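Trainee: The following block contains the structure, expressed as structure tokens.
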Amino acid sequence: MAKEKSLFFCRECGNEFPKWMGQCPVCKAWDSFEEAPAISGPARKAVSGSVKTSGMRTNVPVKLSAVKREENERVKTDIGEFDRVLGGGIVKGSLVLVGGDPGIGKSTLLLEACAKLARKKLNLLYISGEESLGQIGMRAERLGCAEDDVLFLSETSLDVIEETITKDKPDIVVIDSIQTVYREDISSSPGSVSQVRETTGSLMRLAKSLSVTIFIVGHVTKEGTVAGPRMLEHMVDTVLYFEGDTSSPYRILRAVKNRFGSTNEVGVFEMQGDGLREVTNPSEHMLEGRPVGEPGSVISASIEGTRPILAEIQALVSKTSFALPRRTCLGIDVNRLNLLLAVIEKRMGVPLTSYDAYVNVAGGMRINEPALDLAVVVALLSGATDKAPGDKTVIFGEVGLTGEVRGVGRSGQRVMEAQNMGYDTVIMPQVNVKDIGEHTIKIIGVRHIRELKQLPIWQKLKHD
Ligand code: TYD
Ligand code: MG
């Protein structure tokens with residue numbers, strides 16, 4: 001018979017170890033070890049009761065109600081839009097990945113956040129492997145935060161980075177970018193899958209063991225020559241993506257994973273000459289300088305994250321001088337436009353085949369939400385007839401191929417946004433009318449785009 005093996009358990013924390021130690025390495029209690037026979041295989045089941053009564057089982061199920069709530073220590077960056085996406089501030093000891101296309105503004109956002117945090121007397125360390133100290137200095141100057149106490153380090157070796165963090169013990173570290181950092185013991189080049197994964201793993205351990213918050217910048221690359229942030233998503237606590245069209249000043253910060261908050265929030269920013277500006281009321285911003293009483297302009301209500309945003313849809317429809325009419329879109333999908341033109345023609349009997357159609361979401365935002373369909377339909381009709389629909393009307397709803405107006409999510413929020421922004425009428429899917437709460441705004445529910453013909457706006461849109 002094989003020699004019976006024994007294990008040691010710590011009386012204080014219940015952890016199990018293969019040999020005796022004077023101090024428990026987990027809970028640091030002294031002389032707390034107890035010897036117990038090792039239980040292997042099926043025998044374990046039979047004696048589990050006795051293990052439990054002696055209080056030595058390492059991992060026992062607990063009732064959810066008895067679980068101690070962990071209060072995460074958070075610091076606010078005072079960039080409201082950023083804090084919201086993070087779930088109410090930066091959690092101490094978390095590892096946050098900020099991904100996005102090159103040039104979108106990741107470094108700018110993090111540098112601004114660092115400067116704000118430095119004013120709160122936190123110790124900040126910004127490590128850049130992409131830019132020299134001179135370049136970072138110039139950027140800081142431009143952002144008006146050159147005076148703030150942020151420590152900079154231009155470095156790509158993980159060993160040096162780890163050493164600096166361990167020695168200086170900053171509260172928050174930014175690594176810009178993970179694709180430039182390398183570990184010397186791995187032979188592949190910086191940016192390769194193994195380098196990116198291993199360096200992130202090391203940073204994760206560092207963040208947890210020293211309780212420092214680490215932000216990692218990751219470029220999204222289309223070519224795949226550099227390992228992208230996607231493969232890191234499962235390793236980190238929080239994943240934020242910074243999106244936007246570089247040709248437009250608007251940027252959206254979106255959480256796609258957050259162990260300390262919801263992923264429903266988005267932050268809206270505007271890139272200006274001296275850095276990023278928060279856009280706290282996107283609707284107001286989107287509607288700035290909107291033409292009043294002009295044909296082809298319709299307001300719709302979209303949802304970005306959990307926030308409703310009113311956006312102006314513009315359509316220009318004119319007789320074509322080409323064999324094939326032109327269809328161009330900015331901000332929405334061109335296939336969607338073609339589909340809606342076909343539906344209008346077939347289901348409403350409005351001939352549009354010999355017309356060019358241009359649709360634009362004013363303000364440079366991209367909206368991929370079918371909830372805009374009905375507004376696009378009305379904008380096209382308005383553009384085609386050169387008659388303006390009412391100025392004080394907000395329109396939303398998905399349009400199907402049979403011309404039916406289908407329900408959309410969060411309709412109550414869309415209606416409230418319209419009401420709060422001073423509109424007096426909402427045209428929306430009939431199926432959603434029952435979902436909206438108390439309101440003072442006039443609601444018109446529609447089931448089919450044909451019903452538009454019975455509405456007062458049709459009187460305005462109709463050809464004479
Ligand atoms: P950056 O933060 O360097 O992008 P990323 O780190 O994601 O690659 O931002 C780059 C762009 O932002 C750059 O093309 C110039 C523009 N920008 C401004 O418009 N205003 C500013 O104040 C700054 C700092 C940058
Ligand atoms: Mg950068």
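Trainee: Pick from the stretch 87-99 the residues that are surrounded by 19 or more Cβ atoms within 10 Å (Cβ to Cβ) and more than 16 Å from ligand 1 (Cβ to nearest atom): which of them is modelled with the lowest pLDDT? Full working, then the answer.
Mentor: Of the stretch 87-99, the ones surrounded by 19 or more Cβ atoms within 10 Å (Cβ to Cβ) are 87, 90-91, 94-99.
Next cut, more than 16 Å from ligand 1 (Cβ to nearest atom) only: 87, 90-91, 94-95.
On the way: Gly87: 89, Ile90: 94, Val91: 93, Ser94: 94, Leu95: 95.
Applying the filter and picking the extreme gives Gly87.
Trainee: Take the residues of the stretch 151-169 that are farther than 21 Å from Gly218 by Cα and of a type outside the set (S, T, N, Q): which is nearest to ligand 1 (Cβ to nearest atom)?
Mentor: Filtering the stretch 151-169 for residues that are farther than 21 Å from Gly218 by Cα and of a type outside the set (S, T, N, Q), the one nearest to ligand 1 (Cβ to nearest atom) comes out as Asp168.
Trainee: Yes or no: Glu304 within 24 Å of Val376 (Cβ to Cβ) and within 16 Å of ligand 2 (Cβ to nearest atom)? Please lay out each step first, then the result.
Mentor: Working: within 24 Å of Val376 (Cβ to Cβ): yes; within 16 Å of ligand 2 (Cβ to nearest atom): no.
Against the criterion (within 24 Å of Val376 (Cβ to Cβ) and within 16 Å of ligand 2 (Cβ to nearest atom)), Glu304 does not qualify.
Trainee: Residue under question is Ser188, and the condition is that it be of a type in the set (Ser, Thr, Tyr), assigned by TED's automatic domain parsing to the domain that holds Ser211 and in contact (Cβ under 8 Å) with a residue 40 or more places away in the chain; does it hold? So that I can check it myself, show each step before the final result.
Mentor: Values: of a type in the set (Ser, Thr, Tyr): yes; assigned by TED's automatic domain parsing to the domain that holds Ser211: yes; in contact (Cβ under 8 Å) with a residue 40 or more places away in the chain: no.
Against the criterion (of a type in the set (Ser, Thr, Tyr), assigned by TED's automatic domain parsing to the domain that holds Ser211 and in contact (Cβ under 8 Å) with a residue 40 or more places away in the chain), Ser188 does not qualify.
Trainee: Here is a list of conditions, (1) more than 20 Å from Ile90 (Cα to Cα); (2) within 15 Å of ligand 1 (Cβ to nearest atom), and Ala115 meets all of them except one; can you say which number that is?
Mentor: With respect to (1) more than 20 Å from Ile90 (Cα to Cα); (2) within 15 Å of ligand 1 (Cβ to nearest atom), Ala115 is out only on (1).
Trainee: Inside the stretch 440-464, can you point out the residues that are over 24 Å from Leu340 (Cβ atoms) and at pLDDT 90 or above?
Mentor: So the first thing to find is which residues in the stretch 440-464 are over 24 Å from Leu340 (Cβ atoms), and the list is 440-442, 464.
Within the stretch 440-464, Thr440, Ile441, Lys442 qualify.
Trainee: Whether any residue in the stretch 137-145 is away from ligand 2 (no atom under 16 Å from the Cβ), surrounded by 13 or more Cβ atoms within 10 Å (Cβ to Cβ) and assigned by TED's automatic domain parsing to the domain that holds Leu95 is what I want to check.
Mentor: no
Trainee: Same structure again: From the list Arg205, Arg254, pick out the single residue that is of a type outside the set (S, T, N, Q), assigned to a strand (DSSP E or B) and modelled with pLDDT of 80 or more.
Mentor: Testing whether each residue is of a type outside the set (S, T, N, Q), assigned to a strand (DSSP E or B) and modelled with pLDDT of 80 or more leaves just Arg254.
Trainee: Picking from Ala323, Ala311, which residue would you name as being touching a helix residue (DSSP H, G or I) at 6+ places or on another chain (Cβ under 7 Å) and of a type in the set (A, V, I, L, M)?
Mentor: Details: Ala323 fails: touching a helix residue (DSSP H, G or I) at 6+ places or on another chain (Cβ under 7 Å).
None of the others qualify; the one that does is Ala311.
Trainee: Within the stretch 269-286, can you find the residues that are assigned to a loop (DSSP other than H, G, I, E, B) and farther than 19 Å from Asp245 by Cβ? If you could, list the steps in order and put the result at the bottom.
Mentor: At the first step, the residues of the stretch 269-286 found to be assigned to a loop (DSSP other than H, G, I, E, B) are 273-274, 279-281.
Asp274, Thr280, Asn281, listed by residue number.
Trainee: Of all residues in the stretch 169-190, which are in contact with a Phe, Trp or Tyr (Cβ under 8 Å, 6 or more places away or on another chain) and of a type in the set (Gly, Ala, Ser)? Even if it seems obvious, please write down each step before you answer.
Mentor: Initial filter on the stretch 169-190 (in contact with a Phe, Trp or Tyr (Cβ under 8 Å, 6 or more places away or on another chain)): 172-176, 189-190.
Listed by number, the list holds a single entry, Ser189.
Trainee: Against the condition assigned to a helix (DSSP H, G or I), within 16 Å of ligand 2 (Cβ to nearest atom) and open to solvent by less than 40 Å² (accessible area, probe 1.4 Å), how does Gly218 come out, does it pass? Even if it seems obvious, please write down each step before you answer.
Mentor: Numbers: assigned to a helix (DSSP H, G or I): no; within 16 Å of ligand 2 (Cβ to nearest atom): yes; open to solvent by less than 40 Å² (accessible area, probe 1.4 Å): yes.
Against the criterion (assigned to a helix (DSSP H, G or I), within 16 Å of ligand 2 (Cβ to nearest atom) and open to solvent by less than 40 Å² (accessible area, probe 1.4 Å)), Gly218 does not qualify.
Trainee: Tell me yes or no: at least one residue of the stretch 51-65 is within 30 Å of Asn264 (Cβ to Cβ) and either in the same structural domain as Ser177 (by TED's automatic domain parsing) or modelled with pLDDT of 90 or more (or both). Don't jump to the end; show me each part of the working.
Mentor: So the first thing to find is which residues in the stretch 51-65 are within 30 Å of Asn264 (Cβ to Cβ), and the list is 62-65.
Keeping just the survivors that are either in the same structural domain as Ser177 (by TED's automatic domain parsing) or modelled with pLDDT of 90 or more (or both) gives none.
So far as the stretch 51-65 goes, no, none of its residues is within 30 Å of Asn264 (Cβ to Cβ) and either in the same structural domain as Ser177 (by TED's automatic domain parsing) or modelled with pLDDT of 90 or more (or both).
Trainee: Let me ask you something else. Answer yes if at least one residue in the stretch 138-149 is in contact with an Asp or Glu (Cβ under 9 Å, 6 or more places away or on another chain), over 27 Å from Glu278 (Cα atoms) and in a helix (DSSP H, G or I), and no otherwise.
Mentor: The answer is no, given that none of the residues of the stretch 138-149 is in contact with an Asp or Glu (Cβ under 9 Å, 6 or more places away or on another chain), over 27 Å from Glu278 (Cα atoms) and in a helix (DSSP H, G or I).
Trainee: Going residue by residue through the stretch 100-117, is there one that turns out to be within 10 Å of ligand 2 (Cβ to nearest atom), open to solvent by less than 30 Å² (accessible area, probe 1.4 Å), in contact with a Pro (Cβ under 9 Å, 6 or more places away or on another chain) and within 25 Å of Gly305 (Cβ to Cβ)?
Mentor: Restricting attention to the stretch 100-117, the residues satisfying the condition of being within 10 Å of ligand 2 (Cβ to nearest atom) are 100, 102-111.
Subsequent filtering for residues that are open to solvent by less than 30 Å² (accessible area, probe 1.4 Å) retains 100, 104-111.
Adding the requirement that they be in contact with a Pro (Cβ under 9 Å, 6 or more places away or on another chain) leaves 100.
Then keep just the ones that are within 25 Å of Gly305 (Cβ to Cβ); that gives 100.
Checking the stretch 100-117: at least one residue is within 10 Å of ligand 2 (Cβ to nearest atom), open to solvent by less than 30 Å² (accessible area, probe 1.4 Å), in contact with a Pro (Cβ under 9 Å, 6 or more places away or on another chain) and within 25 Å of Gly305 (Cβ to Cβ).
Trainee: For residues that are open to solvent by less than 60 Å² (accessible area, probe 1.4 Å) and aliphatic (A, V, I, L, M), scanning just the stretch 16-31, find the one that is nearest to Val60 (Cα to Cα).
Mentor: Out of the qualifying residues, it is Ala29.
Trainee: Could you check how many residues of the stretch 173-186 are at pLDDT below 95 and more than 16 Å from ligand 1 (Cβ to nearest atom)?
Mentor: So the answer is 5.
Trainee: Would a scan of the stretch 349-362 turn up a residue that is within 25 Å of Gly305 (Cα to Cα) and either outside the structural domain of Ile309 (by TED's automatic domain parsing) or part of a loop (DSSP other than H, G, I, E, B) (or both)?
Mentor: Step one: list which residues in the stretch 349-362 are within 25 Å of Gly305 (Cα to Cα), which gives 359-362.
Then drop every residue that is not either outside the structural domain of Ile309 (by TED's automatic domain parsing) or part of a loop (DSSP other than H, G, I, E, B) (or both), which leaves 362.
Within the stretch 349-362, one or more residues are within 25 Å of Gly305 (Cα to Cα) and either outside the structural domain of Ile309 (by TED's automatic domain parsing) or part of a loop (DSSP other than H, G, I, E, B) (or both).
The values are calculated or read from the model by the stated rules, or taken from the named source; none is laboratory data. Source: prediction; values computed, not measured. Cβ: placed from backbone, ideal geometry, glycine included. Neighbour counts: every protein chain shown. Surface areas here come from the heavy atoms of the whole protein model, side chains and all, with no ligands, DNA or RNA. Shrake-Rupley method; radii C 1.70, N 1.55, O 1.52, S 1.80 Å.
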